[in-house]
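Inspection log for the structure reproduced underneath, given as structure tokens.
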Amino acid sequence: MDQVKIGKFLKELRKEKGLTQEQLAEKLNVSNRSISRYETGNNMPDISLLIEIADIFEVSIPEIINGERKSENMNQETKETAVAMAKYSKNEVKNEKLKLLGIILLIFSLFIIISALSIFPSESSWGSIYSIIGSLVLIIGVYLIVKQEFIKSKNRLLVVLGCIVVLFGAFSISDYIAASRFNQVPRFSYKIIYDSRIPNVRTFKTIFFTAVQENPGTEKEKVYILK
């Protein structure tokens with residue numbers, strides 16, 4: 001730190017403001033001799049005075065310590081950096097909020113799916129409808145989460161597609177187990193065949209298998225998978 005350079009800079013700033021040493025001393029509540037010693041570099045004002053001096057001369061404390069004004073380019077770069085940092089900080093807060101929203105949606109969607117499969121009987125279409133709605137909410141939640149973790153959109157798309165495949169597989173397996181083990185019709189069949197000539201038989205077609213229900217609603221009700 002060059003005290004002589006700082007003193008000369010303080011003297012230049014005082015003259016730019018059109019102040020005498022006496023007037024500046026009065027503003028800072030110090031003696032005329034103190035101002036003279038600051039400007040000759042024989043002494044340095046303490047930190048509290050530096051803040052007041054910077055305010056009076058409309059410069060920054062780093063500029064006083066460096067003994068010179070920053071160039072216009074430096075000021076512009078500093079301004080651009082500050083703006084970029086502010087945007088970055090704002091973006092980080094936004095990303096954290098989106099990630100939190102994604103987690104909330106993920107938990108809520110699992111609640112919807114589990115509730116739909118637990119509350120509604122397999123014969124009711126409401127179970128599959130609410131499960132699909134829950135799945136859509138889950139996919140949105142997963143997307144919001146992975147959006148913050150993966151920069152490349154390709155990676156985000158792969159994760160979302162993987163989530164869709166997992167959900168589709170989980171529903172298909174649950175339908176298969178329900179039909180083969182628990183005597184229940186599949187929830188996610190895309191077609192139900194009913195023949196009036198055989199009123200006691202209904203056929204449920206899914207993508208991977210076909211299930212048959214015989215004597216629905218009776219003690220002899222039976223569900224099995226066609227091989």
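Values in this text are rule-based calculations from the coordinates and carry no lab data. All figures in this text were calculated on a predicted structure; none of them were measured in a lab. For neighbour counting, all protein chains shown are included, and Cβ atoms are generated from backbone atoms with ideal geometry for every residue, glycine included.
Here are the numbers for this structure:
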{"item": "Cα-based equivalent ellipsoid of the chain: semi-axis lengths in Å, sorted from largest, via gyration tensor", "result": "83, 15, 11"}
{"item": "Segment Ile104-Ser48, extension gain: residue separation times 0.36 nm, minus the distance between their alpha carbons", "result": "15.2 nm"}
{"item": "Estimated translational D of segment 104-220 in µm²/s (Stokes, Kirkwood radius over Cα pairs; 37 °C; 0.692 mPa s)", "result": "208"}
{"item": "Hits among lysines - C-alpha to C-alpha of Lys222 under 25 Å, sequence gap 8 or more where chains match", "result": "Lys191, Lys205"}
{"item": "Euclidean distance of C-alpha centroids, segment 175-227 and segment 16-73, integer Å", "result": "91"}
{"item": "Over the chain: helical MRE at 222 nm, DSSP H runs n ≥ 4 each giving -39500 (n - 2.57), nearest 500", "result": "-22500 deg cm²/dmol"}
{"item": "Gain in span if fully extended, Glu96 to Arg181, counting 0.36 nm per residue against the direct Cα distance", "result": "26.2 nm"}
{"item": "Chain lengthening between Arg33 and Asn215 when straightened (0.36 nm per residue, less Cα-Cα)", "result": "54.5 nm"}
{"item": "Of Val93, Val59, Val212, the one that fluctuates the most in a GNM where the chain has Cα springs shorter than 10 Å", "result": "Val59"}
{"item": "Highest-first arrangement of 42-54, 171-183, where packing means the average Cβ count within 10 Å", "result": "171-183, 42-54"}
{"item": "Label-zone membership for segment 194-222, site Phe188, 7 angstrom Cα→C-beta point, backbone N under 18 Å", "result": "204-212"}
